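Each remark here refers to the structure printed beneath this line.
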Amino acid sequence: KAKRKTQKKKRKRKHRKEGMKHRGVAAGVLYALALVFEDQHRVLDDGTPSAPLTYLLPALLRVLDAPAATPLADSACLYALQCVHYALGDYGPCVAAQSGALLPRCCRHAAGTGSVRVRQAACQCVCALVLRAEAAVAPAMDDLVRFFLAALGSGVPDEVCVEACRFWRVACHSDALQAKVAPALPQLLPLLLARMVFSSDEIAALRADEQ
């Protein structure tokens, strides 16, 4: 529990540092919302008709509909995805009702041309949807399998690759989705083995840690 509190404080300090970089109003509001979602996501989706997520989620969907084509838009998209990820942690009724709308938007940003951090955050949201919303995810699993196989390939940023590994772990633990994962194993295993090899920089860093 103490470790989780320490990690939470570190994330907040990181959020505050990042928030100072982006002075656009939309990005600033979404940055503040991300902090609120992190601490109060259970209150935001309390199961009542007037729950704040009933109007906040549609607003977040509109942000995710816009391309992350500029630094400010990229920041706004990142904070919107962080809000979604926190909301998916509890998967309340409002989030469940919007899961079918969230999935394609998160997938588009995961495969898009935004920053690495936007792609990483989008992949995290997809993984959370795979874990929480099997019924909504099942029709798209063939496309997800193809994308997350490609996300393990060479040239893909490490941050995105790590989330791809998370996808396979979550999908393989789902009884409902295993049938979609099994045919991909002959392609998946060599990709995972190739990614297990440390680069020269990683080896140097490990040796430095030992000293």
Carbon/sulfur accessible area of the chain, % of total, 1.4 Å probe, equals 59 percent
Just tell me the longest site-free run in the chain, where the sites are trypsin sites (Lys or Arg not before Pro) in a DSSP loop having at most 10 other beta-carbon atoms within 10 Å. 24-211
Please compute the length gained on full extension between residue 142 and residue 61, using 0.36 nm multiplied by the number of residues separating them and subtracting their Cα-Cα distance. 26.8 nm
Accessible area of residue 142 in the full protein assembly, 1.4 Å probe (Å², nearest 10): 80 Å²
On the principal axes of its Cα set, how long, how wide and how thick is the stretch 91-211? Give whole Å, largest value first. 52, 31, 26
Those chymotrypsin sites (Phe, Trp or Tyr not before Pro) in the stretch 114-211 that DSSP places in a loop and that have at most 16 other beta carbons within 10 Å: 198
At a 1.4 Å probe radius, which order do 78, 185 fall into by accessible area, largest first? 185, 78
For the chain, list log₁₀ I(q)/I(0) at each q in 0.08 Å⁻¹, using the Debye formula over Cα point scatterers of equal strength and ignoring solvent, two decimals each. -0.30
Cβ-Cβ FRET estimate between residue 210 and residue 182, R0 fixed at 30 Å, reported to 0.05: 0.15
If you plug each phi of the stretch 127-133 into the Karplus form 6.51 cos²θ - 1.76 cosθ + 1.60 with θ = phi - 60°, what whole-Hz ³J(HN,Hα) values come out, in order, with x for Gly and Pro? 4, 5, 5, 4, 6, 9, 10
Heavy-atom accessible area per residue of the chain, all protein chains kept, 1.4 Å probe, expressed in Å², is 56 Å²
Comparing 60, 33, 192 in a Gaussian network model of the chain (Cα, 10 Å), the one with the largest mean-square fluctuation is 192
Could you list, by residue number, the cysteines of the chain that have no other cysteine's beta carbon within less than 4.7 Å of their beta carbon? 77, 83, 94, 107, 123, 127, 161, 165, 172
Suppose each label sits 7 Å from its Cα in the direction of the beta carbon; what would the residue 42-residue 195 distance come out to in nanometres? 3.3 nm
As a test of the formula, what do you get for the chain when each DSSP H run with n ≥ 4 contributes -39,500 (n - 2.57) and the sum is divided by the residue count, at 222 nm and rounded to the nearest 500 deg cm²/dmol? -24000 deg cm²/dmol
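Around residue 65, under 13 Å between beta carbons, what's the net of Lys plus Arg minus Asp minus Glu among the other residues?
+3
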Cα extents of the stretch 16-97 along the principal axes, largest first, in whole Å, come to 36, 25, 18
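The values are calculated or read from the model by the stated rules, or taken from the named source; none is laboratory data. Just so it is clear, the model here is predicted, and its values are computed rather than measured. Methodologically, a virtual Cβ is constructed for each residue, glycine included, from the backbone with ideal geometry; neighbour enumeration extends over all protein chains shown. Note: accessible area is taken over every heavy atom of the protein model, side chains too, but ligands, DNA and RNA are not part of it. Shrake-Rupley method; radii C 1.70, N 1.55, O 1.52, S 1.80 Å.
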